[in-house]
Amino acid sequence: MQHTQYVKTTKSGTTYKLDYHPGGSGSQKNIHGNDYWKVYRDVNGKDVVYGRIGHGGFKNYDLITDSPVYINGVLMNGGL
């Protein structure tokens, strides 16, 4: 699967972007080791990272301090 984005606007007007990051190929892996979703929220016209959703061997999440990280439905870094 390629890099994919979905946009959702709630009834209240808040816009969220779901940004899929594939796990990469043999020659170009991503830093987290497998595929994951990054969630952005529109704040005053700018995309702000709202969180990440990964699974299985999602690694290096301890380097993420700007948003919550969920792996297999479990909060891993305590959020902000």
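Given the structure, is VAL39 β-branched (Val, Ile, Thr), under 20 Å from VAL7 (Cβ atoms) and touching a Leu at 6+ places or on another chain (Cβ under 7 Å)?
Spelling it out, VAL39 is indeed β-branched (Val, Ile, Thr), under 20 Å from VAL7 (Cβ atoms) and touching a Leu at 6+ places or on another chain (Cβ under 7 Å).
Quick check on this structure: which one of ILE64, ILE31 is among the β-branched types (Val, Ile, Thr), at pLDDT below 90 and surrounded by 15 or more Cβ atoms within 10 Å (Cβ to Cβ)?
Unique residue meeting the criteria: ILE64.
Just one of the numbered conditions (1) assigned to a strand (DSSP E or B); (2) at pLDDT below 90; (3) of a type outside the set (Phe, Trp, Tyr) is not true of LEU18; which one?
Just one mismatch for LEU18, condition (2).
Out of the residues in the stretch 34-55 meeting the condition of being in a loop (DSSP other than H, G, I, E, B) and surrounded by fewer than 11 Cβ atoms within 10 Å (Cβ to Cβ), tell me which one is modelled with the lowest pLDDT.
Filtering the stretch 34-55 for residues that are in a loop (DSSP other than H, G, I, E, B) and surrounded by fewer than 11 Cβ atoms within 10 Å (Cβ to Cβ), the one modelled with the lowest pLDDT comes out as GLY45.
The values are calculated or read from the model by the stated rules, or taken from the named source; none is laboratory data. Every value quoted in this text rests on a predicted model; they were computed, and no experiment measured them. Neighbour counts run over all protein chains shown; Cβ positions are idealised from the backbone, glycine included.
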